[in-house]
Amino acid sequence: MSSTDCDCVDLSRQVAAVVTLFKPQEKYIKNIKTYSAYVGVLYVVDNTPDYDEQFHGMIKEAIPNIQYISTGKNIGLSSALNMGIEKARENGYLWLLTMDQDSYFNDNQIKKYFDSIHLIDYHITAILSPMHRQTDIDDSPCIYKEKDIVWTSGNLLNIDIATKTGMFDEKLFIDSVDHEYCLRTRMNGYKILQASNCFLNHEIGVAKVVGFLRWKKKREFHSPKRLYFMIRNSFYLSDKYSQYYSLFIKKHNREVRREFIRGMKYSSERRVYIYYAIRAWLDYKRGVFGNAVNI
């Protein structure tokens, strides 16, 4: 379906999208097709070090309005998002839909989400965001509530405000990229709005079966290298924003500690978790940022 086939409000001249890929699978094309028809152009930033000509051909055939960008290395989430902002701004778009490869919209949710853009004040709204868990499904317009923090995937990013306040912090590479941008945007007086009755489907972590016999359960936890970024960047956020957002920083640090404990409890790589946790602290103290562990 092309953008002209949608029965949604035609915002294709106002909204571009960027999706970041890393070692993508064919199934992700189905995810991307749930929103590609609602935007004028879709920037596909592939952070996979090795160019996959076959995948490029498949996604190009399935989605005609893409611009495929193979970076040849993992440049991180923040750099990929900034690439999307710059390209969208150069081409005159007002909003940038930011997506992960494993995120997708249901048909009624993407339509409702885009139909509700006109309900907000563009000049003071930095981010529109859906819920990242399923809510009750209804046909009513999105109801927006002001938030301090939202996840990156599924957001509609105001490109003008991103230009004024500064784009995503590339020192962070992946984790806390969204948190840092939201806090900085709020400090500059702009609003972040999240729809309480519109949701995005999004998967996180790695599910692993743990336990014995009938006590076996699936548990989600992050890899040791991913936890490295979570820990290192939590120190960065604490130093930069605890004076202004002390409650959020305390809550965020508790969540990072819980993720570390979950990995130690359910993973067989406990020594690796400890190694990367210590390295995260040391690298932060030494000012080492970016992709320091070659993820």
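The values are calculated or read from the model by the stated rules, or taken from the named source; none is laboratory data. Note that this is a predicted model, so its numbers are computed, not measured. Neighbour counts run over all protein chains shown; Cβ positions are idealised from the backbone, glycine included.
Which members of the range 84-107 meet the condition of being assigned to a strand (DSSP E or B) and hydroxyl-bearing (Ser, Thr, Tyr)? Listed by number, the residues that qualify are Thr98, Ser103, Tyr104. Scanning the range 115-132 for residues that are modelled with pLDDT of 95 or more and either surrounded by 23 or more Cβ atoms within 10 Å (Cβ to Cβ) or acidic (Asp, Glu) (or both) gives Asp121, Ala126, Ile127, Leu128, Ser129, Pro130. When you scan the range 258-273, how many residues do you find that are charged (D, E, K, R), surrounded by 16 or more Cβ atoms within 10 Å (Cβ to Cβ) and out of contact with any strand residue (DSSP E or B) (no Cβ under 8 Å at 6 or more places or on another chain)? Total meeting the criteria: 0. When Tyr51 is tested against the conditions (1) among the aromatic types (Phe, Trp, Tyr); (2) part of a helix (DSSP H, G or I); (3) touching a strand residue (DSSP E or B) at 6+ places or on another chain (Cβ under 7 Å), the lone failure is (2).
Being within 19 Å of Glu170 (Cβ to Cβ) and either assigned by TED's automatic domain parsing to the domain that holds Val45 or at pLDDT below 95 (or both) is a property that holds for Ser79. Remark: pairs (first residue in the range 104-120, in contact (Cβ under 8 Å) with a residue 40 or more places away in the chain; second residue surrounded by 16 or more Cβ atoms within 10 Å (Cβ to Cβ) and assigned to a helix (DSSP H, G or I); Cβ separation under 6 Å; 6+ apart in sequence or on different chains) = Tyr104/Asn31; Tyr104/Thr34; Phe105/Thr34; Phe105/Tyr35; Ile110/Tyr35.
Filter the range 127-153 down to the residues that are among the aliphatic types (A, V, I, L, M) and in contact (Cβ under 8 Å) with a residue 40 or more places away in the chain, then identify the one that is farthest from Val15 (Cα to Cα). Step by step, filter the range 127-153, then rank; the result is Ile149. Taking the range 54-83 only, how many residues are buried (at least 16 other Cβ atoms within 10 Å of the Cβ), outside any loop (DSSP other than H, G, I, E, B) and of a type in the set (A, V, I, L, M, F, W, C)? Of the residues in the range 54-83, 8 are buried (at least 16 other Cβ atoms within 10 Å of the Cβ), outside any loop (DSSP other than H, G, I, E, B) and of a type in the set (A, V, I, L, M, F, W, C). When Ile32 is tested against (1) part of a loop (DSSP other than H, G, I, E, B); (2) surrounded by 16 or more Cβ atoms within 10 Å (Cβ to Cβ); (3) in contact (Cβ under 8 Å) with a residue 60 or more places away in the chain, exactly one condition is not met: (1). Of all residues in the range 39-48, those that are in a loop (DSSP other than H, G, I, E, B), of a type in the set (Ser, Thr, Tyr) and in contact with a Gly (Cβ under 8 Å, 6 or more places away or on another chain) total 0. Taken over the range 9-23, the residue count meeting the criterion of being at pLDDT below 85, crowded, with 18+ Cβ neighbours inside 10 Å and not hydroxyl-bearing (Ser, Thr, Tyr) is 1.
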